[in-house]
Amino acid sequence: QRRGSGGDTELRRSWQPPQPALVGLLFVQAAAALGSWALAIVWESGHTEVWGFTAARGWQLLRALELCQGARARVVSACAQGASLVWCEERPPLGAPTGASKGAFRFCVCSRALEVGEQCVRLGAVTIVLHNSPEYQLLASPRHIFLVPTASSFATISKFLLVWHAEEARLTITAPSASFVFSKVLRSSSESDFRKLLLGFVGLLSTLAPLDIHTSALSNRGELLLVSTQGTVNVVEPDGTQRHIFDLEGSPLAQGDVVQLKTFGNVLACLLAGVLYLIDQNSGRLIEKKILNMKTVHFLESPGEEDSIQLLTPTGIYSFSFSVVEDNSRPEPCLVEMVFEEACRYYQRRSLSSSKLTVEKLKKGGTFQAPVALAAILQHSLRQKEKPGRGLQDTYAKLLNTMSQELQSYLSLELLKTCVVGAPETEVESYCEELVEQEISRVLHSDIDKDNLAYLNSVFTSFPKAAWKATRGCLQLQQNGDGHLVARATPEVWKKVVGGPQQDEVGLNGVVPLFELVCMSLLRFKPKWLPSFVELTQEYVSVSWAYSSKEGPEGRVPLYKRALGVLARKNKRSDADDEMELELLLCSKRPKAVLQAVRLLIQLKRWQWVVEVAEKFSKVSPLLNKEIFTTLLTEFAQHRELDPYLDRLWPLCPAELTASDILTVILQHLPVSQEDPVPFSSEGGQLTVGLLKPLLQRVVQRPSMQDEVYGDALHSPTFPPPTPRREH
């Protein structure tokens, strides 16, 4: 602006006290004659002044207006998105005093269109984005508005972020740490009630930890940057997903510590306690760390300059230049550091010493050569893609030839991740499926510890369909010509599926073992395959581990019970689930499970299925045969539902049951009648001797056990045997 203009004096005068607290200085779109932008000054009372600037007249007040409709409303946060003003205001109840403490649901998020012309300013009607809500800080990107809970919000409701998509009238609720994302289009005022939105997540709220947010800011891409009190820098995408970038050094951040964040192209500049961190936003690599001589420093906008930073200090404006080295022209120190960090965790778990192993000790000690060799191979192979073996020791070169295929897989995976980040929305799904397939295959061919299992759980939760396709490919699940399920997975992969950390080892934090993850995918996408999969898994377990071995999975909780546990977690129960439960019990082939299935079938009155199960499993063992037959004989004594199947039921009678045993069971389970018995009943529902006669004849006519034992002697051609000749 020109120094001699009188407009700047008026602008400064409008800020003079007494005035309510200033909420924000917002730039809104304006007519071309005003340079396309105008300044809106918003105060806590809702009073707003719109100023325009021209080179000829300087700053001029275009209009003063009131954002809030109620006199008691108080604006706590405001932002501008295009030609609209969006703010969060507190609306105290009518009977509440002015200085009363804040309530949990006394806030409202509103929006008004602001049309700024050369001569006039038009203010649109109030649109309610969210009402009955807690206090939120609003941060606007070109297409989205992030609603970040403030420190004054109640801990029970400050567990998630909100993202408002104005063009679609859609609200996204996300808890990044728990990988929870939910979107809903708000079509009416009743749907924009915050308390009604919470009703669907009451159970989930109790399991979530409050958000740990110390500082929040927006990147130049429209992403939300968050710094936790532990110094962790994360970025939240508009779709609700979160990605870790960097960990700041030093002790945990106090409430008064100031952290400034600013992005310049792909570089994130972070200023904390006089230390400037320059971080590659894509890879999380620290580019440079600079200690400044003064702590009062502010970032300035430098449009079009992505390799320099403008810093405003009490002594002047300074420019700090930096150069980002392309990843292809140098080794990746981030990857090398990951090798040593993973090696530290690996050796620390297996060490008997109480001293902590660090990356520096690992590099200098010389005791462990494996991470040193791997780091050298990675540096040379990533730097010299044309001649990766050049300059390496002979031992390292031989090792590189051995692991070249794994290294190529890693490079392909990194390239695929880059494609996912830069792909258009129409291609993201196909890239994600390929990425999930490679990740699941990689984890299944490595040691599945608690961290890897938690990672697999997040992958299955975030990409259920892609995870199912990847699991089906890794296990090579398919139907043969007879319609039976077959799996051609290697024994190593099978062992990862049924082995690994079990439920009692991973705890109750929502992480489930890999076998349960596969069962959940089958139940969702291919439920008819679940019993056959459990049967295939049991066959592998019976070959790999001794029966009921404590080291094997069957020595803990049987696999069919684990599959039944997955089925029990379904929210809605259907008739198909009842049949699935029966098939899981029967496919286990365990006596107790088979008897449980028979009793369930009897409850469901599936008599045809009952008889088929009895015919199949009575051949397994005499004891199971006796239990099944006794159960069915009991039902036969009580009702006439089994009468059409008696010709198939009587041959199943165990050999050790006598006529006396059968009559005892029948008499003990006859239904109790309230009326006096009569010789000839007209109802026809009573048990008669004629129905029981074929079974009793079968039992009486078959040879007894004693006859079978002495049969050979009794039917000998000479009986009794001749007396042996006496010898003198």
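The values are calculated or read from the model by the stated rules, or taken from the named source; none is laboratory data. Quick caveat: nothing in here was measured; it's all calculated off a predicted structure. Here Cβ is always computed from backbone atoms with ideal geometry, including for glycine, and neighbour counts include all displayed protein chains. In case anyone asks, the SASA skips ligands and DNA or RNA and just uses the protein heavy atoms, side chains included. Shrake-Rupley method; radii C 1.70, N 1.55, O 1.52, S 1.80 Å.
Heavy-atom accessible area for Thr207, with the other protein chains in place and a 1.4 Å probe, reaches approximately 100 Å². Estimated at 0.36 nm per residue, the fully extended path between Ala273 and Gln348 surpasses their Cα-Cα distance by 23.6 nm.
If you take the square roots of the eigenvalues of the alpha-carbon gyration tensor of region 242-323 and sort them as a ≥ b ≥ c, do you get rounded (a/c under 1.5), prolate (a/b over b/c) or oblate? Since a/c reaches 1.5 but b/c is at least a/b, the shape of region 242-323 is classed as oblate. For region 235-290, applying the loop criterion from DSSP together with a ceiling of 14 other beta carbons within 10 Å to the trypsin sites (Lys or Arg not before Pro) yields no site. Shown here for region 432-488: trypsin sites (Lys or Arg not before Pro) in loop regions (DSSP other than H, G, I, E, B) with at most 12 other Cβ atoms within 10 Å, namely Arg488. Thr418 exposes around 90 Å² of accessible area when a 1.4 Å probe is run over every protein chain in place. Under the shape rule built on the C-alpha gyration tensor, where the axes satisfy a ≥ b ≥ c, region 424-588 is rounded, since a/c falls short of 1.5.
Electrostatic tally near Cys653: other residues with Cβ closer than 14 Å to its Cβ, Lys and Arg +1, Asp and Glu -1, net +1. Report relative contact order for region 214-254 in percent, whole number only (criteria: Cα-Cα under 8 Å, sequence separation at least 6). Across region 214-254, relative contact order equals 31 percent.
Taking 0.36 nm per residue of separation and subtracting the current Cα-Cα distance, fully stretching the chain between Ala576 and His47 would add 184.2 nm. Inter-label distance, Asn282 to Val421: 0.5 nm, where each label sits 7 Å from its Cα along the C-beta direction.
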